[in-house]
Amino acid sequence: MLRFKFKKGLRFLQGQKTWTLLRRLPTHKFQLEDEQGVIEQLTHDEIFERWHSRGWAIDESSLNENSSVFYQATPRDLSSFSQKHQDVAKRRFAYLCERAAVEGSSLRLPALESPIVPIPPEQNSESTGPKPHRTTLYRWRIRLSAGKDIVSLVDRRVRAGRKRNAVLYRYFEDALNSVYLTPQKTTKVAVYEEVRRQIDRFNKSQPESARLKAPSRATIFNWLGELDTYLVDVSRLGKPAADRLHRRSIGSAPPCKIMERIEIDHSPIDAMIVDKATMIAIGRPWITLACCRATRAILGFYVTFNAPSSLSVLRCLNQVMLPKTDLRNRYPDIKNDWPMHGIPEEVVCDNGMDLHSRATEELCLHAGIRLTYCLPADPGAKGSVERGFRRMNEDLIHKLPGAVFSNPEQRGDYPSEKEAILDLDDLTYLITKWIVDVYHQTPHRELKERPIDVWNRQVQTALIEYPAHHDSFQIAIGEPAERTLFLYGIEFEGLHYNSDELQNLRRRTGESSKIRFKYFDDDISFIQVWDENKEEYFRVNVSPKHNDYVLRLNRQMHRVIHAHRRRAYHELSQEMDPLHAKQEILDMVSEARVDKKMRQRKRAAVLRGHSSERPLDFPSALDFAEQRSLPSKSNPPEDLDAGLEDELPDYEISI
């Protein structure tokens, strides 16, 4: 994917006219000049508006441009020892000092052969207790003179203790493996009882002199306390839980610039959403969120009733990379701007199957994005987006009617389904307004300033890259596929795609050639076919016989209809009119919208294809079918004249 930066020499094409970027002005505007020397000053948003409307295009020729870490450990000092051993070292040092005073010398020995003179009791400040022998004083003096550190005088038996009975400890280890280090999470008392049981069984077969004395409960508890707690938790809780319990928070160097690292993740929204038509709760949607690590700013989101998939990731990245003018147009009452967009250098995500999809990997390769996967069950590796979910829940979602909160204890007896009144479009509006007018305007706890201020300051010096071609990026977010090209075109998921340009490609490549193309989940009316010779994509629409069928139909609904045809009509599925099967599925979805079970109502919402980019007021295939089936409203008849002033005819009565 071609990308561009706002740097000197960048050129934009406007028909036959070329605009060259000269400099950035102190007013934060860009100064551009055409071939005739006409100077124009435009803001960042004005340039993107012309680029987004395809009035300007990027001149591709202007895009090209002619230790070892050491860790040092601090040695142990005297204060790290117990008070008992500190007193012993100080007393030994006092003996040496008094001996040096008697000899009239310092602690620096001139020669190791100097005789050792015993310290007289009247000159010994530590006169109480036994006095050290002269060979002991000599040994202390040698140890002290080596490093001049009083720690060398600490008793070397500091770690000495009672020797452990190897036979009893072997029984303890057997009981530990069979009773304690298991997922059942038995208590320490069970280990003591198992040890007693094993020793009693052994003593029954031994004479009185060879019998073992069972260790006390305190001894068993002490041995348990000496175990490695991490390994114990791995055996009792499992490795993922043990890793979370013993996780390290040693800090990490934050990225030094914006768009260097963004983090993406999914989460169910802690609120019930209703169907706009029936006002019945249909379930909790999913949100995909992208956060910038350097600024903690939210770069984009995508809300849908579908489970996390590659479509959610691609739509979220679409909002990350492109200007967000559409949201400002949909919600004009939002007060502040949302200027964050561009191509990131690295995308960090978890190990979900949706993020390992071929479409996601190809998009990142095409855009030059480094895709990094975190370790399984390691949410701390992408802490910015996890913190973003928590902030959103605490500041917004949990305050909405119909919230389900984070756990059942927090929810209590709150009737979330009965209190829910927000539809998906209302939720999209509230999330957008919270991000732009609340989250970006509130000082971050770690940064000590607002995310919008961090972005605006760093964007003055950072060179952010943007997609050079809008259409190329829209094609890049499609799902790749490969099929054989026939006389009737390409057949994909029960639909035929054909055009004159596609048949010209068939004549060049030959019969039954394999063709690569991109398809899209939100629109099945066309595909983008790759031409190897021209090295470009071209659009191929569905065959005219399917035009009525694909009208406002998303791919998930089409797959359900296609499966229904095969299941209900078997071998007649190819001859069966797909419009008939489509109407049957639409009728099922209409019934599911008012079903008593929330699972069915949520499935109906999934098939309707509503999301934050396709709001509930945007008609789907089901809405369009329902609108066509509604009887048209007829105008009431005009009021007729009462006729009170009309002349009445004369009647004669004949007898």
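Relative to the globular-protein estimate of 2.2 N^0.38 Å, the Cα radius of gyration of the stretch 262-467 stands at 1.03. Determine the sum of side-chain charges near Gln31: Lys and Arg each +1, Asp and Glu each -1, restricted to other residues whose C-beta is under 14 angstrom from that of Gln31. Overall, the nearby charge balance is +2. Counting Cα-Cα pairs of the stretch 3-61 in 5 Å increments starting at 0 gives whole-percent bin shares of 4, 20, 32, 30, 13, 2, 0.
Taking R0 as 35 Å, what's the FRET efficiency between Ile421 and Arg328 from their Cβ-Cβ distance, rounded to 0.05? It comes out at approximately 0.85. Each Lys and Arg Cβ is given +1 and each Asp and Glu Cβ -1; about its Cα centre, the stretch 294-402 then shows a dipole of about 340 debye. Modelled spin-label separation between Val438 and Glu346, with each label point placed 7 Å from Cα along the Cα-to-Cβ direction: 3.2 nm. Cross-link partners of Lys7 among lysines, defined as those whose alpha carbon lies under 23 angstrom from its own and excluding same-chain residues fewer than eight positions apart: Lys17, Lys29, Lys257, Lys324.
Each peptide in 10-18, 477-485 gets a packing score, the mean of other Cβ atoms within 10 Å over its residues, and the list from highest to lowest is 477-485, 10-18.
Summarising the overall dimensions of the stretch 166-245 from its C-alpha atoms, the Rg and Dmax are 14.3, 50 angstrom. Fully extending the segment from Ser79 to Asp548, taken as 0.36 nm per residue of separation minus the present Cα-Cα distance, adds 160.4 nm. Global size of the stretch 422-565: 22.2, 65 Å for Rg and Dmax (C-alpha atoms, Rg to one decimal, Dmax whole). When peptides 259-270, 86-97, 406-417, 209-220 are sorted by average Cβ neighbour count within 10 Å, with the highest value leading, the order is 259-270, 86-97, 209-220, 406-417. With a simple spin-label model that places each label point 7 Å from the Cα along the Cα-to-Cβ direction, the separation between Arg197 and Ser472 comes to 7.2 nm. Each of Lys324, Lys514 was scored by other Cβ atoms within 10 Å of its Cβ. Listed from fewest to most, they are Lys514, Lys324.
Distance distribution note for the stretch 478-546: the fraction of Cα pairs above 18 angstrom is 26%. Neighbours of Thr325, meaning other residues whose beta-carbon lies under 9 angstrom from its beta-carbon, give a summed charge of -1 when Lys and Arg score +1 and Asp and Glu score -1. As a rough footprinting exposure proxy, the listed residues Ser145, Ser357 were ranked by other beta carbons within 10 Å of their own, and the order from fewest upward is Ser145, Ser357. Ranking Asn498, Ser525, Leu487 by how far each Cα lies toward the positive end of the dipole of the stretch 478-546 (charges on Cβ) leaves Leu487 at the top. Note on Leu25 and Thr278: their simple-model spin labels are 5.8 nm apart, each label 7 Å out from Cα toward Cβ. Most tightly packed first, judged by the mean number of other beta-carbon atoms within 10 Å of their residues, the peptides 230-237, 288-295 read 288-295, 230-237.
Measuring how big the stretch 465-506 is from its alpha-carbon positions, Rg and Dmax come out at 13.7, 43 Å.
We did not get these values from a lab; they are worked out from the coordinates using the rules stated. All of these numbers come straight from a predicted model, not from anything done at the bench. Neighbour counts are summed over all protein chains in view; Cβ atoms, including those assigned to glycine, are modelled from backbone coordinates with ideal geometry.
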